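Structure first, then comments.
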Amino acid sequence: MKNIFKDLQRKDHKRYLGGLDVFRYIGPGLLVTVGFIDPGNWASNFAAGSEFGYSLLWVVTLSTVMLIILQHNVAHLGIVTGLCLSEAATQYTPKWVSRPILGTAVLASISTSLAEILGGAIALQMLLDIPIIWGSVLTTVFVSIMLFTNSYKKIERAIIAFVSVIGLSFIYELFLVRIDWPVAVQGWVTPSFPQGSMLIIMSVLGAVVMPHNLFLHSEVIQSHEYNKQDDASIRRVLKYELFDTLFSMIVGWAINSAMILLAAATFFKGGIQVEELQQAKSLLDPLLGSSAGVVFALALLMAGISSTITSGMAAGSIFAGIFGESYHIRDSHSQVGVILSLGIALLLICFIGDPFKGLLISQMILSIQLPFTVFLQVSLTSSRKVMGQYVNSKWSTFVLYTIAAIVTVLNIMLLISSL
């Protein structure tokens, strides 16, 4: 009888461990999440909430839905082929197609790094009154040390901690304001285009669905050695990866929504338009208490550091992929990609007169490059030569190309509104 009881205990224990097995796959998605709760998002979200209230919440919802589909698809590529998006593009597409797209993706990563470094510098200015230039240098040096000395695993743990701090910060902030929830719910599900909102809409879109994150997600999959040879292993990993992506993207959606909610409930309600993140912090002090401003600045610093790490990794992955190599910080091509992204971004910051405007424009640049990366990705994952039996279904291909078309149309609308 005792032996039977022990057997039952062992079986229950195995089932319990099997249920917890999913947590082994949590990590890559959170790296991507950090990428779209970066300082550029903060600028876009606070501009959206302060200028248009709850009416642009739908952009975060639409962007997150598109992001889940795109990120799972690109992770699918990494799991099945063992290649990141940049490597696959180099291997399976002509140079006249891959080189221009990957080149512009590196430029998009530089634009991203610019926003991330600026965010960290702005946070240091809020907390310690350090000038923007010196704050940018400190942020870049600190991130470079982390990238050139740490492994993926260590960076992932640090980033998960950063995301937790940011999430808790905004949950805390939301308890201090009164949200008009019926109006907010309507804003989440009802598309609207208020006059003069296209730049902000494109900035929010570019801040959530980011080209460099598509490259990064497919690369990080390799560090976990998810790509397996047998069908059963691949299907199991795909299932768990989808959970990681869903969980992580929903966390990002909640944090981005919280930013707009906070801005709408404080600044829009008071008729105050936020034109710089320093202003947002100083305005939160009298509105919500001095502790709110400090929490805001600390969360911004965490976001700036963690997202600069991911943008640097993405640039290294893209650049190494051009030469048919995977990302590794000891590889010369990966190092060049990281240095190009962080170094050029830091140099450009020296010539930016309005940091807040620079953040918004950097996000718009990302949304302009995004259609090229998405069309490249979908063409690869829809190719039986690349994916074999795991090629996209006709329905998946239709949905993915529809997303690419939506982003392209929004970019055209932005161009028309700017003329």
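Please treat every number below as a calculation from the coordinates, not as lab data. Note that the coordinates shown come from a computational prediction; the quantities given were computed from them, not determined experimentally. Note that each Cβ is placed from the backbone with ideal geometry, even for glycine, and that neighbours are counted across all protein chains shown.
Please compute the modelled spin-label separation between Gln389 and Leu347, points set 7 Å along Cα→Cβ, answer in nm with one decimal.
That separation, rounded to one decimal, is 5.0 nm.
Taking θ = phi - 60°, what integer Hz values does the Karplus form 6.51 cos²θ - 1.76 cosθ + 1.60 yield along segment 197-203, in sequence order, with x for Gly and Pro?
Those phi angles translate into 9, 4, 4, 5, 4, 5, 5 Hz.
7 Å from Cα along Cα→Cβ at both Tyr172 and Asp354: what's the point-to-point distance in nm?
Placing both labels 7 Å beyond Cα along the Cβ direction yields 3.2 nm.
If I take R0 = 45 Å and measure r between the Cβ atoms of Met413 and Ser291 in this structure, what FRET efficiency does the formula 1/(1 + (r/R0)^6) give, to the nearest 0.05? Spell out each step's value before the answer.
Values: r = 41 Å, r/R0 = 0.91.
Approximately 0.65, to the nearest 0.05.
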